[in-house]
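The values are calculated or read from the model by the stated rules, or taken from the named source; none is laboratory data. Keep in mind that this is a model prediction, so the values were computed, not measured. Note: ideal-geometry Cβ built from the backbone for every residue, glycine included; neighbour counts use all protein chains shown.
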Amino acid sequence: MSKIKATKWKSTQFMTSHDFEINFYRDKDLRTVSMHSHDFYELYFFMQGSVGYIVENGHYKLEAGDILLISPTNLHQMDISGTPVYERIVLWLNTKYLFQLSTQNTDLSLCFKISSKHKNHLLRDPILAETLKSYLLNLYTLSKSDKYGDDISCEIYIKAILLNLSKYLKSAKYENTEIESNDIVRKVTDYVNAHLNQSLNLDMLAKEVFISKYYLAHLFKEETGITLYQYIIKKRLILSKRYIEQKLPITEVYSKCGFTDYSNFFRAFKQEYDITPKQYFKLIS
């Protein structure tokens, strides 16, 4: 098997490949990372450690064999509780690549769409885990090879992984998975995501859920690890990237995402992604 990597994590994550990237990580000194998102699908297979994971406002205490499905619009972060060894396999999948692999009858991104729709991103099933672990380890080994046919074998494994996941999720077995979430925070995040292009602030959101703004601010930070203001900005920036990808003029994007002016949008985008909106447009073109 190819060498296992230690993580060099940063909040701005970009794929260097146009199709997929897979890595097998083992770390001893990694700690909590900030809430973030990225422009590709992520399949996260947990192997060992003491790790909590937040996807949006859902909290997951991970067990060996757990699988997380994370879509491009999902904010997420992990919390490593001083674990001696933290080991996992991470598969990144380009959205356009999945579209190319899919057919009219078979959408290979379906598993991600189902998990996002139900707001439950964790799969916990020992039989499914054993199958996917084998597929992922074989894919990891093959991805490091340039032998004849190995690229085709990689594609076959990716299709098998996603087909297994989608069929499993369509069976609805995963709905019994344990998930911790706060009803108030869920209502607030649902409201925010439905009104990103409108004015949003702590006072009006607190009125929506009939609690004080001070309690809401405390509760939201406690549940998600970020402030409500930070959550709104991150979600608006994710939306702005979708508009940029749709070739909407950048000077029109900011207002459609709820920013009051272009300069605030520009600064927030640059701070979050370490590139400007125009640079991002060129990157994806």
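With the condition kept exactly as written, say whether any residue in the stretch 234-245 is within 23 Å of the chain's Cα centre (by Cα) and either outside any helix (DSSP H, G or I) or in the same structural domain as residue 66 (by TED's automatic domain parsing) (or both).
So far as the stretch 234-245 goes, no, none of its residues is within 23 Å of the chain's Cα centre (by Cα) and either outside any helix (DSSP H, G or I) or in the same structural domain as residue 66 (by TED's automatic domain parsing) (or both).
Looking at (1) among the basic types (Lys, Arg); (2) touching a residue at least 24 places away in the same chain (Cβ under 8 Å); (3) farther than 17 Å from residue 169 by Cβ, can you tell me which one residue 124 breaks?
(3)
Evaluate the stretch 137-148: report whether one residue or more is closer than 12 Å to residue 43 by Cβ, surrounded by 15 or more Cβ atoms within 10 Å (Cβ to Cβ), free of Cβ contacts under 8 Å to residues at least 60 places away in the same chain and under 23 Å from the mean Cα position of the chain (by Cα).
no
What residue, of 250, 184, is modelled with pLDDT under 95, under 18 Å from residue 58 (Cβ atoms) and of a type in the set (A, V, I, L, M)?
Being modelled with pLDDT under 95, under 18 Å from residue 58 (Cβ atoms) and of a type in the set (A, V, I, L, M) holds for just one of 250, 184, which is 184.
What is the residue count in the stretch 246-274 for residues that are farther than 18 Å from residue 284 by Cβ and in a loop (DSSP other than H, G, I, E, B)?
4
Identify, please: which residue in the stretch 65-119 is of a type in the set (D, E, K, R) and within 13 Å of the chain's Cα centre (by Cα) and is, among those, modelled with the highest pLDDT?
Only one residue tops the list, namely 113.
Tally the residues that are surrounded by 18 or more Cβ atoms within 10 Å (Cβ to Cβ) and touching a residue at least 60 places away in the same chain (Cβ under 8 Å), restricting the search to the stretch 182-195.
2
Kindly evaluate residue 165 against the criterion of being in a helix (DSSP H, G or I) and either over 17 Å from residue 69 (Cβ atoms) or modelled with pLDDT under 90 (or both).
So residue 165 fails the test.
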